[in-house]
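Following: one structure in structure tokens, then a few remarks.
The values are calculated or read from the model by the stated rules, or taken from the named source; none is laboratory data. Only a predicted model underlies this, so the values are computations on that prediction, with no experimental measurement involved. Don't worry about glycine lacking a Cβ; one is built from the backbone with ideal geometry, like all the others, and counts go over all protein chains shown. Only protein heavy atoms, including side chains, enter the accessible area calculation; ligands, DNA and RNA are left aside. Shrake-Rupley method; radii C 1.70, N 1.55, O 1.52, S 1.80 Å.
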Amino acid sequence: EPEVTQTPSHQVTQMGQEVILRCVPISNHLYFYWYRQILGQKVEFLVSFYNNEISEKSEIFDDQFSVERPDGSNFTLKIRSTKLEDSAMYFCASSEVRGGNQPQHFGDGTRLSIL
Amino acid sequence: AQSVTQLGSHVSVSEGALVLLRCNYSSSVPPYLFWYVQYPNQGLQLLLKYTSAATLVKGINGFEAEFKKSETSFHLTKPSAHMSDAAEYFCAVSGTGANSKLTFGKGITLSVRP
């Protein structure tokens, strides 16, 4: 069964450094998402992306965050200047079509640790 | 705004016993509801979804959930727990229309005792 893949599985970065988290969505999917889960807290929506544009973003997704689909397969999340509170598990998801009734398929996540 | 409440953080059952994981939602529009499972060191896997067809929804691994509008609930059940069911379970809600972001509950850890 096709799956969403995320790299790296664990990223350790010094505070203030830039980090890029990478995702390869399922190949025929058109809608992409990033979520994060701070340890012990809920999974939170960050951003959705379609047709090379952000569709929706949460208040968490401030100017330090950006997303990009640099080629036909990758979908990336960049954090420009990391803070301690950015430490979390980051999940990428994709769906074939848009709509609330469409299941989103998740990757295994990248654990981001900020020192 | 939409929200999901999953009461309690941990449920422990014996192998072979009934599993009941509770989920209540709040939504100003008819919701779409999902249960996801997360095994250790893995991502979120879709168990089942409610999208306004049948109110009793069957999913993978013998799980099912019933949508009850009057109770704003979408509880997850399995008649007989298996050791392999030990995992974290998340209930999530999505609105209708183009807005398809998922709003998750805080999750419940299910332990299965031999």
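Hydrodynamic radius of segment B:1-42 by the Kirkwood approach over all distinct alpha-carbon pairs: 12.9 Å. Taking only the Cα atoms of the protein assembly as shown, the radius of gyration and Dmax are 17.6, 50 Å.
For chain A, what is the charge dipole size about the Cα centre, in debye to the nearest 20, if Lys and Arg each add +1 at the Cβ and Asp and Glu each add -1 at the Cβ? Intermediate values should be presented prior to the final figure.
Details: 10 positive and 15 negative charges, 31 e Å.
Dipole magnitude for chain A comes out near 160 debye.
Keeping the other protein chains in place, figure out the carbon and sulfur percent of the accessible area of segment A:1-90, with a 1.4 Å probe. C and S atoms contribute 45 percent here. With contacts taken as Cα pairs under 8 Å at a separation of at least 6 residues, chain A carries a relative contact order of 38 percent. The phi torsions of segment A:82-97, fed into the Karplus equation with coefficients 6.51, -1.76 and 1.60 and a -60° offset, translate into couplings of 5, 10, 4, 6, 7, 4, 5, 8, 10, 10, 9, 9, 9, 9, 6, 10 Hz, rounded to whole numbers, with Gly and Pro shown as x.
Go through A:K42/B:K101; B:K78/B:K101; A:K57/B:K68; A:K42/A:K83 and tell me which ones have a Cα-Cα distance over 25 Å in this structure. Walk me through the numbers before you get to the answer.
Numbers: A:K42/B:K101 14 Å; B:K78/B:K101 27 Å; A:K57/B:K68 30 Å; A:K42/A:K83 19 Å.
Violating the 25 Å limit, Cα to Cα: B:K78/B:K101; A:K57/B:K68.
A simple rule links phi to the HN-Hα coupling: the Karplus curve 6.51 cos²θ - 1.76 cosθ + 1.60 with θ = phi - 60°, which for segment A:55-65 gives 8, 7, 9, 8, 5, 5, 7, 8, 5, 6, 9 Hz, with x for Gly and Pro. Taking GluC sites (Glu not before Pro) in DSSP loop states with no more than 11 other Cβ atoms inside 10 Å as exposed sites, chain A has its longest site-free stretch at A:60-115. Taken residue by residue and averaged, Cβ atoms of other chains lying within 10 Å of the Cβ of A:102-108 number 6. Diffusion coefficient of segment B:52-114 by Stokes-Einstein, Kirkwood radius over Cα pairs, 10 °C, 1.306 mPa s: 118 µm²/s.
What value in Å³ per residue do you get for the convex hull of the alpha-carbon atoms in chain B? Each step should come with its number before you reach the end.
On the way: hull volume 11.1 nm³, N = 114.
With only Cα atoms used, chain B gives 98 Å³ per residue.
Each Cα pair under 8 Å and six or more residues apart adds its sequence gap; the mean of these over the residue count of chain B is a relative contact order of 38 percent. According to the Kirkwood relation over distinct C-alpha pairs, the hydrodynamic radius of chain A is 14.1 Å.
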